[in-house]
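The values are calculated or read from the model by the stated rules, or taken from the named source; none is laboratory data. Here the structure is a predicted model, which is why all the values come from computation and not from measurement. Glycine gets a Cβ as well: all are built from the backbone with ideal geometry, and neighbour counts include every protein chain shown. Remember, those area values only see protein heavy atoms, side chains included, never the ligands or the DNA or RNA. Shrake-Rupley method; radii C 1.70, N 1.55, O 1.52, S 1.80 Å.
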Amino acid sequence: MNRLKSFFKSIQLKFIIIYILLLLIAIQVIGAYFARQLETQLLDNFTESINDRVELVNYNLEQALSAEREEDGPTLEQDVQSIIYDFDSEDITKIQVIDSNNRVLGTTSQFDQENVGNRTTEPRIQRALSAGNREETIVYNSQIGHRTLVISTPIEADGEIVGALSLEASIESVYSQLDDINSIFANGTMLAITVSALLGVLVARTITRPIMEMRKQAKVMATGDYSNQVEVHGEDEIGQLAVSFNELNEQLHLAQATTEEERRKLSSVLSNMTDGVIATDDYGDIILMNEPASKLIGKEYVEVQGQPLLDVLGLYDHVDHLDEIKELSSTIIDFSDENQELLLKANFSVFQDDEEEMNGFLTVLSDVTEEEKVERERREFVANVSHELRTPLTTMRSYLEALTDGNTWQDEQIAPKFLNVVQNESERMIRLVNDLLQLSKMDNKDYRLEKKRTEYIAFIDQIVDRFEINLRSGLSIERDLPNKRYYVWMDSDKITQVLDNIISNAMKYSPEGGQIQVKVDVQKHHIVTKVTDEGVGIPDEKIDKIFDRFYRVDKARTRQLGGTGLGLAIAKEIIEAHDGTIRAESRENQGTTISFRLPLMRKKRG
C-alpha cells in the first residue's frame, strides 16, 4: 500500500502521464485532421459520382422530353419512368421528373406514385424551372438520424427549360465508412497508448532510477555515512548529475572529516584549558561552556544553558546593557562566599559575522584569587614596611630635635635617656632591615641552605640549655624529648633561628609563673617539634594569619616587646625550604602551640 502511494506521488508517474498525454494529443490532432479530410474526400467522391449519374439521367431525359411522339409508341410518362428506373440504385433513394408545367412525369418512390400527373409546388423545383437554378444540399432527418443529398437541376433542350429533375441520395454509407474508420482509429489509439504506457514505464525508470538512487544516498548522507557512491549509468545529463553527486559526496565527506577533526581539537582544547570559556549568541544567552568554567562558577552547563550571561556572571554591577561588554575588555568578578575567597578575571571578545555584525561573545574566565592575594599582600607589605620604618625614624627625629634644640644635650639626666631611646630605635630598624634582607634572600631562587647531617635531639637540648640560662624569673621550660638518636639533614643555623623565634615568642607572651614545654615526637619518616606556652592565646579567626609578614595579633604589645612581625614568616620560609611544614594551635587565655615537621634521614641498608 505504501509502495502504491509512493508510486502515485513519484516523478515516474508524472513522466508516464506526460509521455501518454503528449502521444494522445498528437494522435488526436492527427486523427481529427485525418477524419476531417477523409470525410471531405468521401463526400466529394460521393457527390461527384451522384452528379455524373445526374448528368447522364439529365441527358436521357432531355432526349425523351424533346422527341416527337408517335401515336402507337410509348407515352412520355412511360419513357421517363423507364429512364429513371434504369438509374435507380441503393444510394439513390428517389428520382422525380417534372415537366415545364410543374407536372410530375415520373418518380421512383413507391410512396409518390399517386402524385404522377399532378403538379408540384416544391420551391426548389419552381426555382429550377423558372430561373434554371441547380441546387445541392444535405438534409438531416432528426427522426431516423439519416443524412440525404438532395439535388434539383433544370432539364434544358435547345437552350430552353423543358423540365426539372429532383434526386435524393442517402449518404449514410459515407458516414458509416467514417464511423468504421474512426472505430479502427480509436482501437489503434488505445493500443498505441497501452504500448506507449509500457514503454513510458521503461523510459521513466531509466530516468528516475538514478534519481531514486541519489535520493536514497542523500538520506544515507544525512545520517553522516559518506562511504557509498551512486552508480553512473551513462554520460548523459543524468549520468553527469550522478558524477557531480559523487563528487559532492566526497567533498562533504572531506568537509565533515575536517569539521569533526576541528571540533575534536576545539573540544580537546576547551576541555584541557585551565581557564573557563563561555560562549553566547547575539542575544547574550549562553550556548557553550567548558568544564573549567563550570567549576569556577559552581554551576553545570545544563543549569545555565540559554540563560543571559549578565545574570550568570552577575555583571550588572559593571555594565547596564549587553552592548557595553564590547567596550569592557576585562573585569574582576567576586565569587567569594563564606567558605572561600574566589576572584575571577573575565576577558571578553566579540564574535562577528561576514558583515562584521556582532554574532555573540566569548568570555574567558581565570582564577586570579592568588594573584590578587599576592598583589594585596605586596601592597600591604610595602605599607607595613613604610609604617615600620617611619615609626622609629619619627621617634629618632623627635628625640634628636629635642637634643639639638637649646641646651638639652648638655643635660646629664635627660640627654642619656634620649640617646638610649635613639639607640633602641636604631637597633630596632637594624633588626627590621636584617629580617627584610633575609626574607628577600629566601625569596630568591638562587638561595641555598647549608645542610648537613645533624643529631636532632642533642641539637634541641643545646637550644633549650641556652634559653634556660637567660630565662626570666617566674618562667620554666619543660623538656619532653625521646631517649634515642634521630638524624635530620638540615641547616643548623636556620633551624636555630626558627627555634629562637618560636621560644622567644613563647617567653614574651607567657605570664608570670608560666611554663613553656618543648616536645619532640617521631611520626613515621618525620620528626615533629612542638613549643607550647600558657599565654593569652590567639583567636580562631586570626590563627591562620600569624605566619603572614608583618601580621601581629596585638600590635601595640608586640611593638612594645620589640617584635618586627617577620619572625614567624621567616620561620615558615625556613621550614618549607627544609621540605617541612609549620602550623599553630591555640585557645584564647589557655596558650598557644607552634609545631613544625622535618623529614628524618633514612638509614642506609647494610
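Side notes on the structure shown:
- Failed item in (1) out of contact with any Gly (no Cβ under 9 Å at 6 or more places or on another chain); (2) surrounded by 16 or more Cβ atoms within 10 Å (Cβ to Cβ), with T189 passing the rest: (1)
- For the condition over 16 Å from G360 (Cα atoms) and open to solvent by 60 Å² or more (accessible area, probe 1.4 Å), Y283 does not qualify.
- Any hit, region 166-186, residues being at pLDDT 80 or above, surrounded by 11 or more Cβ atoms within 10 Å (Cβ to Cβ), charged (D, E, K, R) and over 30 Å from E39 (Cβ atoms): no
- Residue list for region 504-537, restricted to those being under 60 Å from the mean Cα position of the chain (by Cα) and free of Cβ contacts under 8 Å to residues at least 60 places away in the same chain: K524
- Restricting attention to region 568-600, the residues that are open to solvent by 10 Å² or more (accessible area, probe 1.4 Å), farther than 15 Å from V531 by Cβ and hydrophobic (A, V, I, L, M, F, W, C) total 2.
- Single residue of region 107-165 satisfying the filter (over 20 Å from V80 (Cα atoms) and of a type in the set (A, V, I, L, M)) that is most open to solvent (accessible area, probe 1.4 Å): I144
- So D521, is it closer than 23 Å to R448 by Cα and either out of contact with any helix residue (DSSP H, G or I) (no Cβ under 7 Å at 6 or more places or on another chain) or modelled with pLDDT under 85 (or both): no
- Number of positions in region 506-520 that are open to solvent by 40 Å² or more (accessible area, probe 1.4 Å) and either under 14 Å from R479 (Cα atoms) or not charged (D, E, K, R) (or both): 6
- Taken as a whole, region 123-136 holds at least one residue that is part of a strand (DSSP E or B) and more than 42 Å from the chain's Cα centre (by Cα).
Rundown of residues vs (1) within 30 Å of A26 (Cβ to Cβ); (2) free of Cβ contacts under 8 Å to residues at least 12 places away in the same chain, yes/no style:
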{"position": "Q177", "(1), (2)": "yes, no"}
{"position": "A192", "(1), (2)": "yes, no"}
{"position": "V201", "(1), (2)": "yes, no"}
{"position": "V220", "(1), (2)": "no, yes"}
{"position": "H253", "(1), (2)": "no, no"}
{"position": "E261", "(1), (2)": "no, yes"}
